[in-house]
Amino acid sequence: MNKFYMNGKLIHKASDHNTKRCEVEKWVFLPHSDFERLKANPYQEHEAITAASEYGDDGLLIEAEGFDYPRLSMFVPDAKSIYERYHTSEPELKLHDMIKDTVEKIAELAHTDKTDFTSADMIDMDEVESLVKDAIVQQLAMRNDIKMAKNTDIGVDFQPDIHVEAEKLTELKFYCPLKVQRGIQPTFDEDGEDEFFEDTEELSDFEALEYESEISGAIEAYQSDEEENRGIMAYLGDRKRFADKVYSIFPSVEKVGDRLLGVFTCHICGELDSYEYDELLKELSGQALDGWGEGFEQHEIHTSEGDIYVSFYDTCGAWDLMTEEEVKAAPESPSEDVSMRM
């Protein structure tokens, strides 16, 4: 038999194990480090109250009583399985029971020296197909980003048998400063020696504006097939704190006043609470620093004046993500004459 492990807290010579029935109003998935800190210090303030670890299996059941720290709390081993069971539809449970029954039948027959089995003889495949369709529809209907889903099977082959309508998405933009560098063509003295050591020069905001089209084209070319519909969110969809709320994230650049800024355009379903909003900002900062942005800045962009490199994260300056409202409210930079490229 396979060994089973769980984290738990055993009470020495417990007098009883009385329980209290609790209603879980909300599930919040935390990064593992946040969860471990909350578990180690249950009385600390935290915006996410009632939590399961994103990368672990355990959780905390918390009653905040209106405060921003746990007034009552309980460690819940294997909370992830409880969450997944809660989101398991009735057709999935029936499929699970069907599999268990089939296993029992095959195991029983195996003891009569029968060794080979045909699955179609053991399982009603029409029932399996019907249950799978119903399970898909019910799972879709449970998502926040799906308005309606229903099984439209009329028993005709090659006809659509699932109808789905998605909730409308709202657009949320975040802007960040760019660092644009241009490669310096080496110059040599009379002896053919390199006269300088720097191989790049940082462009001013006004100079960077001249390369808007080239940078936009490079971002489009850098996009992979997996990013066609969801942008870089295609790689983050398994993170449960975002799965139903943030549909897509597309990087781009945009001229704002006299500056060229980096942009992360997010398409959101519903509204983000304060914790989800902060987590989205952390995710975008990470993508700018060492995720998508790190890969993009290593790709040269060819221009008539030489190759340029664009970073969405400047570690040397004051870097921050700004909303569209914050960008519009910011004072404009003083104008500067910039000679146009030919």
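A few comments on the model shown:
- Options 271, 283, 294; residue that is free of Cβ contacts under 8 Å to residues at least 60 places away in the same chain and surrounded by 20 or more Cβ atoms within 10 Å (Cβ to Cβ): 283
- Residues within segment 14-38 that are open to solvent by 100 Å² or more (accessible area, probe 1.4 Å), basic (Lys, Arg) and assigned to a loop (DSSP other than H, G, I, E, B), tallied: 2
- Positions within segment 132-162 being within 21 Å of residue 85 (Cα to Cα), among the β-branched types (Val, Ile, Thr) and free of Cβ contacts under 8 Å to residues at least 40 places away in the same chain, in sequence order: 136, 137, 146
This table checks each residue for (1) part of a loop (DSSP other than H, G, I, E, B); (2) among the aromatic types (Phe, Trp, Tyr); (3) modelled with pLDDT under 90; (4) over 30 Å from residue 7 (Cβ atoms).
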{"site": "81", "(1), (2), (3), (4)": "no, no, yes, no"}
{"site": "84", "(1), (2), (3), (4)": "no, no, yes, no"}
{"site": "100", "(1), (2), (3), (4)": "no, no, no, no"}
{"site": "129", "(1), (2), (3), (4)": "no, no, no, yes"}
{"site": "158", "(1), (2), (3), (4)": "yes, yes, yes, yes"}
{"site": "176", "(1), (2), (3), (4)": "no, no, no, yes"}
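- In segment 131-146, of all residues being surrounded by fewer than 14 Cβ atoms within 10 Å (Cβ to Cβ) and outside any helix (DSSP H, G or I), the one that is modelled with the lowest pLDDT corresponds to 144.
- Evaluation of residue 319 against the conditions (1) surrounded by 13 or more Cβ atoms within 10 Å (Cβ to Cβ); (2) modelled with pLDDT of 90 or more shows that the sole unmet condition is (2).
- Counting the residues of segment 41-74 that are at pLDDT 70 or above, under 29 Å from residue 139 (Cβ atoms) and either part of a strand (DSSP E or B) or basic (Lys, Arg) (or both) gives 5.
- Only a single criterion out of (1) free of Cβ contacts under 8 Å to residues at least 40 places away in the same chain; (2) more than 20 Å from residue 234 (Cβ to Cβ); (3) aliphatic (A, V, I, L, M) is not satisfied by residue 260, namely (1).
The values are calculated or read from the model by the stated rules, or taken from the named source; none is laboratory data. None of the values given here were measured: they were computed from a predicted structure. So basically every Cβ, Gly included, is an ideal-geometry build from the backbone, and we count neighbours across all protein chains shown. Heavy atoms of the whole protein, side chains included, go into the accessibility calculation; ligands, DNA and RNA do not. Shrake-Rupley method; radii C 1.70, N 1.55, O 1.52, S 1.80 Å.
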